[in-house]
Amino acid sequence: MSVLSETYDGAQARLHFRLPQEFKEIIERAALASGLTVTDFAISSLLQSAHDVLDRLAERQLSDRDRDLF
């Protein structure tokens with residue numbers, strides 16, 4: 001079990017989605033190249049993307065607020 005898997009040991013929430021076979025194969029190759037399980041790779045990648053989106057949203061909201069103050 002990897003370190004990331006141990007972090008989520010006992011997690012009960014699930015995401016289910018379908019994707020083209022080609023995407024699955026790319027993800028599996030990337031996970032292998034990263035030394036991660038597909039699950040750990042998917043969790044890590046999805047969390048990073050989610051944080052990036054939320055960070056950009058927060059920056060934009062701050063920028064809009066700052067603009068409105070002037």
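Observations on the model:
- Computed from label points 7 Å out along Cα-Cβ, the spacing between E25 and A58 is 4.0 nm.
- The residues neighbouring A30, those whose beta-carbon lies less than 15 Å from its own, together hold a net charge of -2 under the Lys/Arg +1, Asp/Glu -1 convention.
- Virtual spin-label span in nm between H16 and L47, 7 Å along Cα→Cβ: 2.4
- Heavy-atom accessible area for S45, with the other protein chains in place and a 1.4 Å probe, reaches approximately 50 Å².
- For L54, the accessible area of its heavy atoms, probed at 1.4 Å with every protein chain present, is near 100 square angstrom.
The values are calculated or read from the model by the stated rules, or taken from the named source; none is laboratory data. All of these numbers come straight from a predicted model, not from anything done at the bench. For neighbour counting, all protein chains shown are included, and Cβ atoms are generated from backbone atoms with ideal geometry for every residue, glycine included. All accessible areas refer to the heavy atoms of the entire protein, side chains included, with ligands and DNA or RNA removed. Shrake-Rupley method; radii C 1.70, N 1.55, O 1.52, S 1.80 Å.
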